[in-house]
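For reference, the structure discussed in these notes is given below.
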Amino acid sequence: MSIESNIASIRQRIGQACERARRDPAEVSLMAVSKFHPAQAVCEAAEAGITLFGENRVQEGKLKIPQCPSSLHWHLIGHLQSNKCRDAVHCFEMVQSVDSYALAEELNRMAEKQYKSLPVLLEVNIAGEATKFGYKPEEVLNDLERLNTLSRLEIHGLMAIPPWAADPEKTRPMFRRLADLKKQCEDQLGAPLPVLSMGMSDDFEVAIEEGSTLVRIGTAIFGARPKKGV
Ligand SMILES: *Cc1c(COP(=O)(O)O)cnc(C)c1O
């Protein structure tokens, strides 16, 4: 299957999931996750109408983004180390993987130096997995107010990568938990958070039914990832 036809079929499935959930498909952004795939693949997806792309490593994005059309939008979706914050702020429009106050502070400092504001999502370790990055759900609520004082960061919402399950129905409660947590954050801030980034190739339809506003799709668009990055 070509990248173009994969995208057409995903758009159709997004439309059907929205219909089931009585949601407007315009509320759901489709991100193509291009990690490990070359700029050529990004260009093909761009020709099929995708404008939002995700990379999980700063270094890979730094090399790839300049080789792609300049009209595209790029988000960092992978774990970020503080020594990469300067490049992350330079290369990406949004960082979806903010998982500690210390990291947020460093991003804020780098955004200030680059005279920018940086939209961010808080990554939540929604199933409390020992091997995964992300805030514990209760820590998000504890940190929210001081995160909100960082003048160069704009908190746009939450992101999570729930544990993979062969049956996406098993993931539904995790998506629901993340959506609930977003509501709690909105109550605490007294302001709406527009973005709920959840759902990947194997579970995006369930994520949409549970309120996702941004699905991050890699394999179902580009096919299996090569073993080594670009
Ligand atoms: C790789 C990745 C994806 C895409 O995963 P697929 O299963 O290939 O769709 C989505 N989100 C994050 C954070 C990723 O690292």
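Each reported figure results from applying straightforward, stated rules to the coordinates on display, with no laboratory input. Everything numeric in this text was worked out from a predicted model, so none of it was measured. Note that each Cβ is placed from the backbone with ideal geometry, even for glycine, and that neighbours are counted across all protein chains shown.
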Q: Excluding residues fewer than 8 places away in the same chain, name every one of the aspartates and glutamates whose C-alpha is closer than 18 Å to that of Lys116.
A: Asp87, Glu93, Glu105, Glu106, Glu154
**Q.** Mean separation of Cα contacts under 8 Å, 6 or more apart, over the residue count of the range 3-222: relative contact order %
**A.** 21 percent
Q | Computed label-point distance, nm, for sites Gln67 and Thr51 using a 7 Å Cα→Cβ extension | A | 2.5 nm
Q) To the nearest whole percent, what portion of all C-alpha pairs in the chain is separated by more than 33 angstrom? A) 12 percent
Q: Give me the number: length gained by fully extending Gln81 to Tyr101, i.e. 0.36 nm times residue separation minus the C-alpha to C-alpha distance, one decimal in nm.
A: 5.9 nm
Q | Amide H contacts under 5 Å for Leu214, placed H, 5+ residues apart | A | Ser29, Leu196, Met198
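At R0 = 22 Å, how high is the FRET efficiency between Leu144 and Ala26 if r is their beta carbon distance? Nearest 0.05 is fine.
Numbers: r = 28 Å, r/R0 = 1.28.
After rounding to 0.05, the efficiency reads 0.20.
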Q) Taking amide hydrogens as modeled 1.01 Å from N in the peptide plane, which residues meet the under 5 Å criterion relative to Leu118, leaving out close sequence neighbours? A) Leu153, Glu154
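Calculated FRET efficiency, Gln16 and Ala179, Cβ-Cβ r, R0 22 Å, to nearest 0.05?
On the way: r = 20 Å, r/R0 = 0.90.
It comes to 0.65.
Please state, as a whole number in µm²/s, the translational diffusion coefficient that the Stokes-Einstein equation yields for the range 54-109 at 10 °C and 1.306 mPa s, with Rh defined as the Kirkwood radius across alpha carbon pairs.
On the way: Rh = 11.3 Å.
Estimated via Stokes-Einstein, D reaches 141 µm²/s.
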Q. Packing-wise, with mean Cβ within 10 Å as the measure, how do 196-204, 71-79, 32-40, 126-134 rank, highest first?
A. 196-204, 32-40, 71-79, 126-134
Q.
Please enumerate, by chain and number, the lysines with C-alpha under 16 Å from the C-alpha of Lys132, excluding those fewer than 8 residues away in the same chain.
A. none
Q: Arrange Thr51, Thr149 by Cβ neighbour counts within 10 Å, fewest through most, would you?
A: Thr149, Thr51
Q) Counting Lys and Arg as +1 and Asp and Glu as -1, what is the net charge of the other residues whose Cβ lies under 15 Å from the Cβ of Glu4? A) -1
Q | Least to most buried among Met110, Met1 (fewest other Cβ within 10 Å first) | A | Met1, Met110
Q | Calculated FRET value between Ala224 and Ala130, using beta carbons and R₀ = 25 Å, to 0.05 | A | 0.40
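Using the count of nearby Cβ atoms within 10 Å as a rough guide to exposure, how do Leu214, Leu63, Leu52 rank from fewest to most? Kindly include the intermediate steps, with their values, before the conclusion.
Values: Leu214 25, Leu63 15, Leu52 18.
By the 10 Å Cβ count, ascending, the order reads Leu63, Leu52, Leu214.
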Q: Quick one: of Lys182/Lys227; Lys84/Lys170; Lys35/Lys113; Lys35/Lys136; Lys62/Lys170, which pairs are farther than 31 Å apart, Cα to Cα?
A: Lys182/Lys227; Lys84/Lys170; Lys62/Lys170
Q. For the range 150-205 and the range 1-72, what is the separation of their C-alpha centers, rounded to whole Å?
A. 19 Å
Q) When the Karplus curve 6.51 cos²θ - 1.76 cosθ + 1.60 is applied with θ = phi - 60°, which whole-Hz ³J(HN,Hα) does each residue of the range 81-98 get, with x for Gly and Pro? A) 9, 4, 6, 9, 5, 4, 5, 4, 5, 6, 8, 10, 7, 9, 10, 8, 10, 6
Q) Using the Cα gyration tensor of the range 113-201, with a ≥ b ≥ c the square roots of its eigenvalues, what is the shape: rounded (a/c below 1.5), prolate (a/b larger than b/c) or oblate (neither)? A) prolate
Q: Pull up all non-local amide H partners of Val98: gap of 5 or more, or a different chain, and H-to-H distance under 5 Å with H placed in the peptide plane.
A: Leu121, Glu123
